[in-house]
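*Asks:* The structure's right below; bear with me while I get my questions together.
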Amino acid sequence: MGTELHTDIIPVPPPLAAISVPAAKSPRKKLVRRAGPDRSQVLRHSFQLAFVLLNLYLGVTFYFWVRQFETNRFRSSLTRPAGVEGWLPIAGMMNFKYWLETGHVPAMHPAAMFLLIAFVAIAFLFRKGFCSWLCPVGTVSEYLWRAGRKLLRRNFRLPGWLDIPLRGVKYLLLGFFLWAVSSMSAHAIEGFMRSPYGVIADVKMLDFFRYIGETGFLVLGILVAASVLVKNFWCRYLCPYGALLGLASLLSPLRIRREASACIDCQKCARACPSALPVDRLVTIHSAECTGCLECVAVCPAQGALQLATLPVGRRRRTVPAWAMALGIAALFLGIAGYAKASGSWETHVPAYVYGQLVPHADQAAHPMPGDPALTD
């Protein structure tokens, strides 16, 4: 009787660890909608509009004040608006150092110093609130990228290998200005401010825009085009004032905070952020790029998921509503400017005949250079 040989291979079951089991989907979080509408952007845009109108008023008034000297038709009723010195941030930095060293409010362009103090104070307490709530350049930049998104249906983001080094440019510019100012003595700063160039630095600024050359117009055109394509191009990459305020904002007691338990992971906050911050993946926003615009908070649909809050005091955090931020920004700006006016430290007191000699020949006023006798001790 023959023996039958079985050659069939009996399959060996794989170990349990090798069996691929589909991962269980995490249950979708239930959306608990906000109790009421968010009005932060209405407040912010109102502040932007008010500050743009204020700057237009200052600019028009300053233009006619300059024209009266250029046409030799001086009118005592038309006075120089000191608020234009907000456009002289380097003068503000120089005067701030002069004040720290001497204890005296500078006689030339003191409003520039007080406005610098106000804007840094706003950044310290309310993030970079000046950039997103008040700055007219920031406002124009914002509406340019919004126009670009409307026309092109999108904005563009630079790749990380280009974005990160470009963001460092504004800090390099800030570092250069800080170095230049810190290297000047109080005597040199006073000499600079009392030089013909220093006295009419605001007129020189106006003339830059009035008589902008081909190169300046080309650079301005490139910046406008870049701002249409990339959100806040100037602010993000090139503005040294924004760099200073960003560093101050790192010390702010306020932060955008995300509550993971209430977040539904819709990513609307990250898409809305003009600074391209990953708000949807962070618990607290510490970045110097955060401008405190509250756009991420405004688009969040979930109750309590995203809010502006204080740093913890003990174990408690306090939520800061948009109206409180608006009130604080207004109080700091109006309070510091109001104090300077009330104390008689706001205006630059230069006789009209001096302006009559310098303004018509503003193009001849040369920038004092290192080694100038007026700048040496």
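Values in this text are rule-based calculations from the coordinates and carry no lab data. Everything numeric here is computed off the predicted structure, so don't read it as measured data. FYI the Cβ positions are ideal-geometry reconstructions off the backbone, even for glycines, and counts take in every protein chain you see.
*Asks:* (i) 28, 58, 12, 1; (ii) 25, 53, 15, 5, 2, 0; (iii) 23, 49, 18, 5, 3, 1, 0: which one is P(r) over Cα pairs in 20 Å bins from 0, in percent as calculated from this entry?
*Replies:* (iii)
*Asks:* Pairs to check: Lys150/Lys204; Lys128/Lys204; Lys30/Lys231; Lys231/Lys341; Lys97/Lys128. Give those whose C-alpha atoms are more than 30 Å from each other in this structure. Before the final figure, lay out each step's value.
*Replies:* Values: Lys150/Lys204 37 Å; Lys128/Lys204 28 Å; Lys30/Lys231 32 Å; Lys231/Lys341 37 Å; Lys97/Lys128 22 Å.
Where the Cα-Cα span goes over 30 Å, the pairs concerned are Lys150/Lys204; Lys30/Lys231; Lys231/Lys341.
*Asks:* Going by C-beta contacts inside 10 Å, put Ser40, Ser261 in order with the fewest on the left. Let's see the in-between values first.
*Replies:* Numbers: Ser40 18, Ser261 8.
If I rank by nearby Cβ atoms, fewest first, I get Ser261, Ser40.
*Asks:* Based on the Cβ-Cβ distance of Phe156 and Ser77, what FRET efficiency does E = 1/(1 + (r/R0)^6) give at R0 = 35 Å, to the nearest 0.05?
*Replies:* On the way: r = 50 Å, r/R0 = 1.44.
Result of the calculation: an efficiency of 0.10.
*Asks:* To continue, here is another question. Taking Lys29 as the anchor, which lysines have their alpha carbon closer than 20 Å to its alpha carbon, excluding any fewer than eight residues away along the same chain?
*Replies:* The qualifying lysines are Lys268.
*Asks:* Most exposed first by the Cβ proxy, i.e. fewest other Cβ within 10 Å, how do Glu70, Glu142, Glu289 rank? Each step should come with its number before you reach the end.
*Replies:* On the way: Glu70 13, Glu142 24, Glu289 18.
Ordered from fewest to most neighbouring Cβ atoms within 10 Å, Glu70, Glu142, Glu289 come out as Glu70, Glu289, Glu142.
*Asks:* Follow-up. Within 10 Å of each residue's Cβ, count the other Cβ atoms and sort Ser275, Ser141 from fewest upward. Don't jump to the answer; show the numbers that get you there.
*Replies:* Numbers: Ser275 23, Ser141 26.
Starting with the residue having the fewest Cβ neighbours, the order is Ser275, Ser141.
*Asks:* Determine the distance separating the Cα centre of segment 144-205 from the Cα centre of segment 94-109; give it in Å without decimals.
*Replies:* 22 Å
*Asks:* As an exercise, identify the chymotrypsin sites (Phe, Trp or Tyr not before Pro) in segment 167-242 lying in DSSP coil whose Cβ has no more than 11 other Cβ atoms within 10 Å.
*Replies:* Working: sites: Tyr171, Phe176, Phe177, Trp179, Phe192, Tyr197, Phe208, Phe209, Tyr211, Phe217, Phe233, Trp234, Tyr237, Tyr241; in loops: Tyr211.
The qualifying sites are Tyr211.
*Asks:* Also, I was wondering about something else. Roughly how big is segment 214-328's charge dipole about its Cα centre, with Cβ charges of +1 (Lys, Arg) and -1 (Asp, Glu), in debye to the nearest 20? Each step should come with its number before you reach the end.
*Replies:* Working: 12 positive and 6 negative charges, 110 e Å.
Roughly 520 debye, rounded to the nearest 20.
*Asks:* Between Arg317 and Leu173, what is the label-to-label distance in nm when each label sits 7 Å out along the Cα-to-Cβ direction?
*Replies:* The modelled label-to-label distance comes out at 3.3 nm.
*Asks:* Given Cβ point charges of +1 (Lys, Arg) and -1 (Asp, Glu) and nothing else, what value in debye, to the nearest 20, does the dipole of the chain about its Cα centre take? Spell out each step's value before the answer.
*Replies:* Values: 39 positive and 21 negative charges, 357 e Å.
Charge dipole of the chain: 1720 debye, to the nearest 20.
*Asks:* Given the -39500 (n - 2.57) contribution per DSSP H run of 4+ residues, what per-residue ellipticity at 222 nm results for the chain, rounded to the nearest 500 deg cm²/dmol?
*Replies:* Values: 16 runs with 193 residues, N = 377.
Helices in the chain give a 222 nm mean residue ellipticity of -16000 deg cm²/dmol.
*Asks:* Apply 1/(1 + (r/R0)^6) to the Cβ-Cβ distance of Arg210 and Asp372, taking R0 = 25 Å, and write down the FRET efficiency to the nearest 0.05.
*Replies:* Numbers: r = 27 Å, r/R0 = 1.07.
Computed FRET efficiency for Arg210 and Asp372 comes out at 0.40.
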